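Working notes, structure below.
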Amino acid sequence: MRILLTTEFFLSGQSTHVLDLAIQLQKLGHPTELILTGIHTTLFQSHYGPQLKKAGVVYHNTNNKVRLNQIVRSFQPDIIHSHSSTIFDLTKSIAQQNRVPYVVTCHGLGFSHPKYRASLAGAEQIIAVGPNSAAEIKDRFEEKIVIIPNGVDIERFTPAKKETKLNVYYVGRLDWSKVEPIKKLADAVAQIPNMSLTIVGNWKPPVEAEFMPWQTNIEKLLGRANIVVGCGRTAREALAAGCVVLLMNTRYDGIIDHQLVQEPDFDFSGNQGRFRFKRLLEDLSSLAANRKRIRRLQRFSRAYAVENLSSREMAQKVLAVYVQAVSSLRSKTRINLTGSMGIPRSYKVNRPRF
């Protein structure tokens, strides 16, 4: 199957997820190309672009509609898969102009907004990264929603020799909504003897902590880290690297353990607010006082990631969605063609109107 992925590229877990998916699909023997309608970091040219080339993934940087159609006609994909909500409509347009089925992935929340309705309605299948993302659009699109959690490369992210010092790493793409939670984290760490905080991100927040700029080879840091605070892809990568993970974004959801992952509404957003921020001090103090618990949680993290978060298995599940999408469009095309030749109108398949 020939696969065309579309996205914008930022320093974010979502963007690196798309690159990982492209590489895994290519490894599985499916020619994959990538359209980047915008690249918002110079690190792409120095690190991420060469990574794609090494894997044999061709990428294009353009948002010009004429050029996009030329790429589609030249590559002749069987499926187009969009990951950035900002270009859902653009993907819908080029897919329908070239009569290629398209799939979208809803990363996060907010897709019940009317501005996404047409592009979601036109998609043959919708991938949601978790139950909360799916629930938001279930009323309109239940029949075409498939939940596939994002995966990580469990061969790249592996445990290494862990640090002897209990340093807490906050890793993530920062914006102002995360500053207050990070301050709460810094306050908690400051109250625990022999524990320190390092923030790894795209800019330094105004808190007392060591700062490291964005790390393109974050697997090295995570491999040796004991405790990581973050959400989304950071949390998944940290689990794979055998870290204790405290799930936090704009709110705090606690330590990822066997109990939390069994909750029916569990996701990696870090925005549910299962606990107040004062729980951070309690959780970190408990960890600092019990190294055996840290080791148990680290073993759980790695085992959970291997069983549930492999990006290779994720890519195989995504491929099954592509097959269904292609089959769905072909069925509609056959029925519509037959209906136009005299079959009663009631047999035609029409797109739902919203």
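Values quoted throughout were computed directly from the atomic coordinates according to the rules given, and no laboratory measurement underlies them. Just so it is clear, the model here is predicted, and its values are computed rather than measured. Positions of Cβ are backbone-derived with ideal geometry, glycine not excepted, and every protein chain shown enters the neighbour counts.
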task: Rounded to whole Hz and in sequence order, give me ³J(HN,Hα) for the stretch 3-8 from the Karplus expression 6.51 cos²θ - 1.76 cosθ + 1.60, θ = phi - 60°, writing x for Gly and Pro.
output: 10, 10, 9, 10, 6, 9
query: Among the lysines, which fall within straight-line cross-link reach of residue 162, defined as a Cα-Cα distance under 17 Å, with same-chain neighbours fewer than 8 residues apart omitted?
result: 220, 292
field: Mean separation of Cα contacts under 8 Å, 6 or more apart, over the residue count of the stretch 166-308: relative contact order %
entry: 24 percent
field: Given charges at beta-carbon only (K, R positive; D, E negative), |dipole| of the chain in Debye
entry: 540 debye
- prompt: Among 58-71, 227-240, how do they line up from the highest to the lowest mean number of other beta-carbon atoms within 10 Å?
  reply: 227-240, 58-71
- prompt: Got a sec? Charge dipole of the chain, +1 on Cβ for Lys and Arg, -1 for Asp and Glu; which of 148, 103, 284 is way out at the positive end?
  reply: 103
statement: Check: in the stretch 34-139 the Lys pairs 8 or more apart or on separate chains whose Cα atoms fall under 30 Å apart number 9
message: Could you work out the relative contact order of the chain? I mean the mean sequence separation of Cα pairs under 8 Å and 6+ apart, divided by the number of residues, in percent.
response: 15 percent
message: What whole-number volume per residue, in cubic angstrom, does the convex hull of the C-alpha atoms of the stretch 166-308 give?
response: 97 Å³
message: How would 285, 311 line up from fewest to most surrounding beta-carbon atoms within 10 angstrom?
response: 285, 311
Length released on extending from residue 160 to residue 286, taking residue separation times 0.36 nm less the Cα-Cα span: 43.0 nm
statement: Placing +1 on each Lys and Arg Cβ and -1 on each Asp and Glu Cβ in the chain, then taking the dipole about the Cα centre, the residue among 50, 207, 320 whose Cα reaches farthest towards the positive end is 320
- request: Determine, for 106, 243, the number of other Cβ atoms within 10 Å of each Cβ, and report the residues in order from fewest to most.
  value: 106, 243
message: At a 10 angstrom cut-off on C-beta neighbours, averaged per residue, how do the peptides 91-104, 149-162 rank from highest to lowest?
response: 91-104, 149-162
field: Percentage relative contact order, the stretch 1-136, counting C-alpha pairs under 8 Å, at least six apart
entry: 24 percent
query: By per-residue mean of other Cβ atoms within 10 Å, what is the highest-first order of 121-134, 249-262?
result: 121-134, 249-262
message: Placing unit charges on C-beta atoms (Lys and Arg positive, Asp and Glu negative, everything else neutral), compute the dipole magnitude of the stretch 166-308 about its Cα centre in debye, rounded to 20.
response: 360 debye
- prompt: Under 5 Å between amide H atoms, partner at least 5 residues away or on a different chain: which partners does residue 310 have, H built in plane at 1.01 Å?
  reply: 152
- prompt: Distance in nm between label sites at residue 66 and residue 138, each 7 Å beyond Cα in the beta-carbon direction?
  reply: 4.7 nm
field: residue 35 long-range amide H proximity, modeled H, under 5 Å
entry: 5, 6, 7, 60
